[in-house]
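Encoded as structure tokens, the structure appears first; notes follow it.
The values are calculated or read from the model by the stated rules, or taken from the named source; none is laboratory data. Note that the coordinates shown come from a computational prediction; the quantities given were computed from them, not determined experimentally. Positions of Cβ are generated from backbone atoms using ideal geometry, with glycine treated the same way; all protein chains shown enter the neighbour counts. Only protein heavy atoms, including side chains, enter the accessible area calculation; ligands, DNA and RNA are left aside. Shrake-Rupley method; radii C 1.70, N 1.55, O 1.52, S 1.80 Å.
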Amino acid sequence: MGDGLLMDGPSEKVLVDVAPENLMACSECDALYQAVAPEPETLIVCERCHHVIARPRRKAGMTVISLAFATLVLVVAATFLPFLSISVAGVENSASLIDTALAFSEGGLAFLALATVALIILIPTLRMLLILYVLVPIVFDRPPARRAKSAFRMSIALKPWSMAEIFVIGCAVALVKIVDLADVAFGPAFWMFSALVIIVTLQERLLCSWSVWNALEQPQS
Amino acid sequence: MQLVGMERAGTASVLTARGSGLVTCRQCTRVWPMATEICGRCGTKLRSRDDLSMQKVWAWWLTGVIAYVPANLYPMLETRALFDTQDSTIVGGAVDLLLHGAPVVALVILIASVLIPVGKFLAIAYLAVTVGRRAQTRNADRHKLFEFVEFIGRWSMIDVFVVAILSSLVQLSSLATIKPGPASLAFAISVIATMISAQSFDSRMIWDTGFPPKAPQA
């Protein structure tokens, strides 16, 4: 029983002389580490829970900014262009993202309409704007933007709620569901959204929030 | 990287920030003396452990489970073609697809709408029940399970989006129209509640032994 508590024992003495500034801990399991400087091209992984703590990369900032711009253009364009069109016996219809999001507005499902607009259009757009707001000054060696820290925290919190890539898979499933029923074709917005998925995935791999926090900490003049 | 302290072979006897009287910033990984309330680097509110974590987890979990019931009983889609109206539920829709020779899509729907949600309910419940138990050797497995649950959760929204796409696309006046059914709302609520439940889970508790975890020393 007495053995159960974490780290009773010799190692507590190791810490006596180490100031908190020289320590860091894993956000997922709280294991304590000696702080390291952000060296580019290294992968910092927690030894206990294998969580990837940081993945700093050289010149990632510029790439992330370009990808964020590309995402913004694609989302805005794809919102109003049709992504699927259908025709049966001469009757045609096509749907854009905004039509889809508003599909729920009839029949008392307004909450769902709102949630859909938010998850596939608003939140992805907002996230990109926040990332640009935080990263542009850092990458161009300017002092951090006002309230950059809150902005970056918000962009991280929004990450799981940005669902554009899930929507693309949804398109493919919807297509198969009605392909027997009618002639269906992908519109331009579908291809734009597919490109978006690749861009967002790439950007996620490149954007290391630990490095951004380090950069925001440096008082730049 | 260099672990502080010693790692005893095979056990989780790692020195933690909490065990050293420090509080970790979950955003930027800095550690501060236990009494610190806001991270001096990134401005995040600091909490050594989220004491309300389990209450939030269970509350959202229950919401998710309850909403999942009508999500399966009511129709997801209401299809109207010429003279014939058809309501289909989640499982019913997948069975239709299977019979129409699209087994792969049927499988995708079944995995995203049945297997993942039910699996998530079970996994979160298991993790919440075992928090604080002295199952030290399985901590790594439980943590892996938690990361998987957090990663997979959003993908259940697929079925809600399919309903939205179909109901906006298939509007061919008298020939065929598709309308979203009440289950789409219930299902979306279930997915969102379960996502929040998983997010409320303080994964550091998986590694704590004894509950509440060891109090910090001054």
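Numbers below:
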{"read-out": "Subset of segment A:154-185 [open to solvent by less than 30 Å² (accessible area, probe 1.4 Å) and not in a helix (DSSP H, G or I)]", "value": "A:SER162, A:MET163, A:ALA182"}
{"read-out": "When residues of segment A:114-135 are limited to those that are over 28 Å from A:ALA215 (Cα atoms), free of Cβ contacts under 8 Å to residues at least 24 places away in the same chain and more than 7 Å from chain B (Cβ to nearest Cβ), the one least open to solvent (accessible area, probe 1.4 Å)", "value": "A:VAL117"}
{"read-out": "Output for segment B:23-50, where each listed residue is part of a loop (DSSP other than H, G, I, E, B) and either on the phi > 0 side of the Ramachandran plot or facing chain A (nearest Cβ under 7 Å) (or both)", "value": "B:ARG26, B:GLN27, B:CYS28, B:THR29, B:ARG41, B:CYS42, B:GLY43, B:THR44"}
{"read-out": "Entirely in segment A:1-61, the strands (runs of 3 or more DSSP E) that have 2 or more residues that are of a type outside the set (A, V, I, L, M) and at pLDDT 80 or above", "value": "A:32-34"}
{"read-out": "Residues located in segment B:71-84, provided they are closer than 28 Å to B:SER173 by Cβ, of a type outside the set (D, E, K, R) and open to solvent by 40 Å² or more (accessible area, probe 1.4 Å)", "value": "B:TYR74, B:LEU82, B:PHE83"}
{"read-out": "Hits in segment A:195-221 - residues which are open to solvent by 30 Å² or more (accessible area, probe 1.4 Å) and over 16 Å from the mean Cα position of the chain (by Cα)", "value": "A:GLU217, A:GLN218, A:PRO219, A:GLN220, A:SER221"}
{"read-out": "Test: residue in segment B:163-179 that is open to solvent by 10 Å² or more (accessible area, probe 1.4 Å), outside any helix (DSSP H, G or I), touching a Ser or Thr at 6+ places or on another chain (Cβ under 9 Å) and more than 8 Å from chain A (Cβ to nearest Cβ)", "value": "yes"}
{"read-out": "Matching option when the condition is assigned by TED's automatic domain parsing to the domain that holds A:THR71 and crowded, with 22+ Cβ neighbours inside 10 Å, among A:PHE111, A:PHE104", "value": "A:PHE104"}
{"read-out": "Residue under evaluation A:ALA145, criteria (1) away from chain B (no Cβ under 12 Å); (2) small (Gly, Ala, Ser); (3) more than 18 Å from A:GLY61 (Cβ to Cβ), criterion not met", "value": "(3)"}
{"read-out": "All positions within segment A:136-153 that are open to solvent by 10 Å² or more (accessible area, probe 1.4 Å) and touching a residue at least 60 places away in the same chain (Cβ under 8 Å)", "value": "A:VAL136, A:ILE138, A:VAL139, A:ASP141, A:ARG142, A:PRO143, A:PRO144, A:LYS149"}
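Here's the yes/no breakdown for (1) assigned by TED's automatic domain parsing to the domain that holds A:CYS26; (2) touching a residue at least 12 places away in the same chain (Cβ under 8 Å); (3) surrounded by fewer than 13 Cβ atoms within 10 Å (Cβ to Cβ):
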| residue | (1), (2), (3) |
| --- | --- |
| A:CYS46 | yes, yes, no |
| A:CYS49 | yes, yes, no |
| A:VAL64 | no, yes, no |
| A:LEU67 | no, yes, no |
| A:THR71 | no, yes, no |
| A:VAL75 | no, yes, no |
| A:THR79 | no, yes, no |
| A:LEU84 | no, yes, no |
| A:ALA89 | no, no, yes |
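Residues checked against (1) open to solvent by less than 70 Å² (accessible area, probe 1.4 Å); (2) not in a loop (DSSP other than H, G, I, E, B):
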position: B:GLN86; (1), (2): no, yes
position: B:GLY93; (1), (2): yes, yes
position: B:GLY101; (1), (2): yes, no
position: B:ALA112; (1), (2): yes, yes
position: B:LEU115; (1), (2): no, yes
position: B:PHE146; (1), (2): yes, yes
